[in-house]
Every structure is written in structure tokens, then in C-alpha cells.
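The values are calculated or read from the model by the stated rules, or taken from the named source; none is laboratory data. Quick caveat, the model's predicted, so the values are computed rather than measured. Cβ placement follows ideal geometry from the backbone for every residue including glycine, while neighbour counts extend to all protein chains displayed. Each accessible area value is taken on the protein alone, full model and side chains, heavy atoms only, with ligands, DNA and RNA left out. Shrake-Rupley method; radii C 1.70, N 1.55, O 1.52, S 1.80 Å.
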Amino acid sequence: MNLQDIEAFVAVAEAGSVNRAAIRLRLTQPATTRRIQSFEQAFGSAPLFNRAVKPAALTSLGLHVLEHCRRVLAAVAELDACSASATDPSGNLRAGVAHGLGEMVMTTPLDSLRRTFPRVRLQVSSNWTTDLIEAVRCGAVDCAIGLLTEAHAIPAGVTSVALGAEQVVIVGPKKAAARREARPYRLRDLAEQGWFLNPPGCGCRAALVKAFERLRLPIHIAAEVFGEDLQLSLLAQSGGLGLVPRRQFAHSLHRRALRILDVVDFTMPVTVALIRRSAPGRFDPAIAHLANEMKARLD
């Protein structure tokens, strides 16, 4: 097997199809297929893909091989970082962005990175922070911008760099809040309210549910709605409660119909952080530039 075959196998495994992998590798579909066939021959009769399902899925052996291949590609990238060309990196930089940070990251910071490093091709994906940490650990992405809470654990071989502080706040309709006397809320005051929250996997949702469980209070989830912008729109129209980063709320088109609730027994400080592998890599200058741009944006 050779490095090109390994790259092709990883591309097909991550893209989910030969067609998408070929586009990512800038090859024709037949050329990509030949590389996959060459790679699979090294494993004899043991299949790496289950082709009985559509699209083809990795077998248990394929999943095991994929993690090893990612480590090989990461090691090659670290070796490239030792060369003089590391000051002007090139290639596909795979960056992950936590849900709720897309607008903040994908505008000025990424535009600046593209201008400064024109030979770097960005491949940006969005996910929950927990999944992004695992993606960095196994080499599926080169770096990620996440929202870290106290519930997140950073595994060995991965490091996080704080870029700025954020706070996730509870919001509700302004009219409903105005009917209450000017005094702070407690979580027990909100137990009967309907919540519009992200689906399971969201770290902020998990922290809120745990806070209710600690007080042995019920939490009524009225709807699982993906994306804070849609949640704020629904709250403004129909009432209920939601969780949103304070910075995102401040720029929301729906903020005039909503207000932040002062809940004395619930706070959720969050750190916006750059998550990356601890070992040096060929994209270090570009990743450092992204981190600096994010710090400036958060300031």
C-alpha cells in the first residue's frame, strides 16, 4: 500500500461515496476506485466496506483501519511541518465549527484565513462540540472552534486554547416576562414552561437538563428544534423558553420581542476555544491565524 491509496480510503470513508471522494481528491471516479481496490488488496479477503448496503458502509475492520490511516496521515502532516514550507502551508485544511458559532466563524475569520493563506483549501463542517473533540482526536478534522462547558473533557493528544468567553442565557417572550413583578427567577419558577431546545447532543441542553435533575424538577421540552435562530423565531411567535448564546441573542432579529431572564440559580459560562491535536502539524500557521482572528472577533 502507498500513501495515495491511504488518502483515497480515508476520503471515501469520510465522504460516504466514491464520487464525493473523487471531487475532494481532485481525481476522476475510476482513478479513485482503482486506489481503493489497490488498498483493499492489502487486506486479502477481509472486506473494508459492506457493499450490500447503499451507500456502502465500513465494516468493523474498516472502522479499525480508518483510525490507523488517520494516524498515518497525521504523522505525515507532522513531518511536513518540520520542513521550511510549513510557513506557507498548502492543501485541504479541515475545520470544524460548533453549532451556534457558524455566523461568527464563517465570516471575517475564515475570509481572513483565505486571503492570508491562498494555497490552503478550507473544508468546513459543523457539529456538536463533543463530536468535534472526537473528530480532532481521531484525525477527521485538523482543528475545531467549539463551545466548551464544564461537562466537556479534553482527551490525551488533544489541546484546547481559550479564545474568549461566552454566556448561554435563558430567553423568553418579553410580554410574558413583563406580567411578572421585577424579581429574579429560579428554575422551579420555570418548571411548567415549555422549552424549545436543540436535539440531544447539544452540551448546553445537557447542562440545563442536569440542573433540573439536581433540583428534582421536571422539564417540559415542547419541541426539539435544530438551530438557535429558528428557536428564537418560534419563541417570539408562540411563547416558551429557550437557551441561546448571549452574543447571538444580541444580534437576533427577534430580540425586540424577547428578553433574557434573570435566573439566580442557573448560570452557564462557556468558553469559545480552539481545539486541535497537541502534536505540531503542517497547518500550524493557518490554525494560529484563525485563532488570532477569532480572539479579535470575540474582543
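Quick notes on this structure:
- Restricting the first member to region 253-267 and to residues that are within 10 Å of Ala211 (Cβ to Cβ) and among the hydrophobic types (A, V, I, L, M, F, W, C), and the second to residues that are open to solvent by 60 Å² or more (accessible area, probe 1.4 Å) and at pLDDT 90 or above, the beta-carbon pairs closer than 8 Å and six or more apart or on different chains are Val263/Arg186.
- Check on Ala57, open to solvent by less than 70 Å² (accessible area, probe 1.4 Å), out of contact with any Leu (no Cβ under 9 Å at 6 or more places or on another chain) and either touching a residue at least 24 places away in the same chain (Cβ under 8 Å) or closer than 26 Å to Ala286 by Cβ (or both): no
- Residue tally, condition part of a helix (DSSP H, G or I) and more than 16 Å from the chain's Cα centre (by Cα), over region 112-171: 5
- Sole exception among (1) surrounded by 22 or more Cβ atoms within 10 Å (Cβ to Cβ); (2) within 18 Å of Glu166 (Cβ to Cβ) for Phe196, by number: (2)
- Asp142 vs. criteria of a type outside the set (Gly, Ala, Ser), within 30 Å of Asn198 (Cα to Cα) and open to solvent by 60 Å² or more (accessible area, probe 1.4 Å): no
- When Ile170, Ile154 are checked against the criterion of being farther than 17 Å from Glu228 by Cβ and β-branched (Val, Ile, Thr), a single residue qualifies: Ile154.
- Filter pass, Ala140 being at pLDDT below 90, hydrophobic (A, V, I, L, M, F, W, C) and within 21 Å of Pro89 (Cα to Cα): yes
- Annotation note: of Thr108, Thr149, the sole residue that is open to solvent by less than 40 Å² (accessible area, probe 1.4 Å) and over 17 Å from Arg282 (Cβ atoms) is Thr149.
- Tallying residues that are among the hydroxyl-bearing types (Ser, Thr, Tyr), open to solvent by less than 50 Å² (accessible area, probe 1.4 Å) and part of a loop (DSSP other than H, G, I, E, B) within region 233-286 yields 1.
- Cross-chain or 6+ apart pairs with Cβ under 6 Å, region 1-21 first and in a loop (DSSP other than H, G, I, E, B), then surrounded by fewer than 15 Cβ atoms within 10 Å (Cβ to Cβ): Met1/Ala42; Gly16/Pro55; Ser17/Pro55
- Qualifying residue in region 203-221 (condition: within 30 Å of Thr159 (Cβ to Cβ) and open to solvent by 40 Å² or more (accessible area, probe 1.4 Å)): yes
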